[in-house]
1. Write out the trypsin sites (Lys or Arg not before Pro) in the stretch 335-369 meeting two conditions: DSSP loop, and at most 10 other Cβ atoms within 10 Å of their Cβ.
2. Work out the charge dipole of the stretch 206-323 with +1 on the Cβ of Lys and Arg and -1 on the Cβ of Asp and Glu about the Cα centre, then indicate which of Q315, M285, A243 is farthest towards its positive end.
3. Mind listing which trypsin sites (Lys or Arg not before Pro) in the stretch 181-252 are in a DSSP loop and have 16 or fewer other Cβ atoms within 10 Å?
4. Would you mind checking which residues have amide H under 5 Å from R169's amide H? H placed 1.01 Å from N; only 5 or more apart, or other chain.
5. If you place +1 on the Cβ of every Lys and Arg and -1 on the Cβ of every Asp and Glu, how big does the dipole about the Cα centre of the stretch 89-179 come out, in debye to the nearest 20?
6. Taking a ≥ b ≥ c as the square roots of the Cα gyration tensor eigenvalues, with a/c under 1.5 meaning rounded and otherwise prolate when a/b beats b/c, else oblate, which class fits the stretch 192-285?
7. Given H placed 1.01 Å from N in the peptide plane, which residues other than close sequence neighbours of Q448 have an amide H under 5 Å from its amide H?
8. Suppose every K and R has +1 on its Cβ and every D and E has -1 on its Cβ; what is the size of the dipole of the chain about the Cα centre, in Debye to the nearest 20?
Amino acid sequence: MSFAGLRPDKKSATEKRSGVNVKLRALTTPLRYLHGVGPKRAAQLETFGLKTIGDLLYHLPFRYEDRRQIKKIAAAIRGEEASFVGRLAALQRKYVPHRRSQMLLGVLQDDTGVIDLIWYRAPKFLSDGLAKGQTLLIYGKVESGMYGRLRVVHPDFEVVDNPDEQLQRIVPVYVHPAGLSLSRLRGWVAQALREYRDFLLDGVPEEILKRQDLIAPSEALAYLHEPPLNADLGPLNRSSSMAHRTIIFDELFYLQLGLGMRKRLRSRSPAIPWGPARTTLRERMLALLPFKLTGAQERVLGEIERDLAGGAPMQRLLQGDVGSGKTMVAWLASLTVIDHGHQAIWMAPTEILAEQHYRNLQKYADRLDISAVLLTAATPAKERTSILKRIAGGDISFIVGTHALIQEQVHAPLMGLGVVDEQHRFGVMQRLSLQRLIGPGELVSTPQPHMLLMSATPIPRSLAMVLYGDMEVSFIDELPPGRTRVQTRVFNERERRQVYAVVLDELKRGHQAFVVLPLVEASEQLQQVRDATRMAEQMRKTLFKDFGLGLVHGRLKAEERDRIMRAFRDGALKLLVATTVVEVGVDIPNATVMVVEHAERFGLAQLHQLRGRVGRGAAAGYCLLVNRGPVSGLAAERLRAIEREHDGFKIAEADLRLRGPGELLGARQSGLADLHFANLARGGRLLAAARREALAWLERDPELTSKASADMKAILRHR
Ligand code: ADP
Ligand code: MG
């Protein structure tokens with residue numbers, strides 16, 4: 001959580017309430033006021049994301065070192081991390097010209113022997129702190145040095161001033177800025193904890209803590225920064241201690257309170273007025289359909305219809321595996337809206353997806369006498385002007401587009417439904433902008449269109465409820481009948497020849513194939529683009545010389561990427577090498593093979609989504625995962641799970657358990673960005689509990705007006 005932007009609450013009335021405000025204010029104290037942190041250090045910490053005392057106190061250790069045992073030097077074992085206490089018997093400073101830095105050589109001695117200490121790069125503050133004759137507590141990995149002597153390189157150390165001091169500890173390890181030593185940061189955290197401990201917030205009601213088997217959040221924080229000697233290191237290092245769970249719960253609880261209140265607010269604003277249906281579009285459409293809706297589609301449609309008929313604007317997330325038939329559900333919902341004289345507006349993240357929806361649905365629109373348009377950045381200016389006019393005049397009922405919809409001056413006074421496909425590709429503001437195409441006005445008093453958001457990222461129910469706690473969530477958990485599973489197999493690096501033989505085979509049969517490389521950080525992108533380009537060149541010259549090959553990578557412009565994707569969709573290219581997100585929703589029935597290189601770097605849910613892109617036609621689909629990591633171990637085991645499991649939600653559950661929500665969703669996905677600790681949650685239990693408790697609390701006290709809720713309101717406002 002961030003304490004930035006705190007505004008003191010002027011209206012504080014009760015003593016308790018002012019108590020919380022005093023605390024909040026204390027926690028927003030800028031770090032430069034902490035003893036030992038000057039303006040320069042403070043600036044350094046700020047670029048690192050730590051601005052206030054609160055930020056520092058909520059900066060949790062990511063692991064712990066066990067220094068409860070202090071070893072005798074004679075008992076040092078090569079390769080082991082250990083603590084020693086001794087006298088600094090020698091200290092030598094050496095200037096290393098080519099590194100333009102100072103090197104430090106020390107000898108530590110206790111009553112059993114000596115060990116060397118080496119700092120290859122010793123900044124001034126470090127070197128200045130050391131002097132021959134001092135007693136030091138050092139910690140580090142024992143290595144063999146020259147002449148058979150043992151040494152510790154870059155040991156962590158502290159000077160022991162008082163020989164009676166309790167030296168055995170569990171020591172927290174923090175992520176720290178490059179120019180600042182860990183021990184400094186650790187010292188500041190300890191100091192902040194001493195001085196501000198009384199200002200830590202305990203915002204979760206005691207009855208809830210008790211029920212959930214948690215401790216007071218203030219105690220939890222203190223415990224995490226300074227674990228007692230008898231603490232169990234296992235759970236601490238796995239972020240699953242009771243203290244961890246408390247902090248995670250605290251954050252989730254407030255998230256849910258906020259989302260829950262937002263949802264209540266929306267349920268009080270009016271939806272567009274709804275008269276009786278004029279015709280029977282829905283029935284006519286169902287008669288045109290070449291298939292029967294699945295049970296899940298029927299059920300979800302029922303949920304949507306109930307929302308549409310209600311007085312409040314719908315805000316519903318529709319979750320379903322790739323190919324589960326979300327489009328048809330959204331289309332049928334659109335027909336209901338259109339039948340009532342309103343407009344349905346669909347927004348997709350790329351031109352190619354918008355085109356695909358338009359092409360697929362336009363033919364139905366034609367048969368049902370519904371006027372439809374496609375609006376993207378590629379729409380010629382003259383045409384666009386006339387389209388905008390017809391939308392504003394209410395002459396067009398079905399509109400499909402891209403971001404262009406919210407960038408242009410589209411005004412859709414009759415907008416009844418907004419549909420956002422691949423909703424995670426859009427930000428909250430973009431989704432809101434779509435809703436606002438209906439026109440300006442206060443959200444709570446002006447009638448609002450209904451919103452349907454679609455996503456093919458399988459997210460476990462528990463997580464979806466938490467992330468999207470201000471919406472209703474529907475799940476399509478059934479695929480249309482007759483789908484064959486994509487045959488999935490993991491190969492190791494040495495078996496790659498076999499993998500590409502399968503690809504070649506499929507291409508010779510007239511099918512198409514994807515080769516996917518992992519997404520990388522922007523800093524690695526250039527190198528990857530080079531590698532991928534070289535690989536594509538190689539493939540063009542050798543094995544695949546008879547087939548058109550396209551390469552899309554992270555550095556391409558959107559138009560260029562769309563151009564290549566279209567060429568692949570239309571069959572001009574047979575093999576697509578991609579280092580970037582291949583649109584999940586793009587339907588290329590002729591694609592039958594997907595190779596994923598470095599599959600070990602992908603999340604399971606991601607892999608599952610990827611393989612959903614092949615085998616969409618009549619022919620069998622293959623997903624060939626190349627594991628370039630170790631052939632055994634956890635990662636390899638994880639990969640094997642995907643050979644067996646084909647249910648996206650089950651796979652997502654496993655991912656959540658193994659890697660936490662952040663990894664599951666991928667760094668690029670928003671939603672969790674503002675959460676610091678929730679990502680430490682493993683599995684859905686804590687997520688669900690936080691939601692349940694928050695909603696129950698709001699049930700009893702919807703506006704947080706009770707005395708017991710007074711603190712909450714203040715805390716909520718600041719988080
Ligand atoms: P997604 O959920 O990924 O958006 P789509 O809506 O694109 O899935 O559907 C995938 C394919 O399945 C489409 O070709 C669609 O026409 C077809 N489809 C949808 N519903 C059914 C159904 N009930 N029975 C058979 N095929 C269906
Ligand atoms: Mg889709």
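1. Passing both the DSSP loop test and the Cβ count: no residue.
2. M285
3. Details: sites: R184, R186, R194, R197, K210, R211, R238, R245; in loops: R238.
The qualifying sites are R238.
4. R67, R68
5. Once rounded to the nearest 20, the dipole reads 700 debye.
6. Working: a/c = 4.56, a/b = 2.76, b/c = 1.65.
The shape class here is prolate.
7. A271, I272
8. So the magnitude is around 1200 debye.
Each reported figure results from applying straightforward, stated rules to the coordinates on display, with no laboratory input. Computed from a predicted structure; not experimentally measured. Note: ideal-geometry Cβ built from the backbone for every residue, glycine included; neighbour counts use all protein chains shown.
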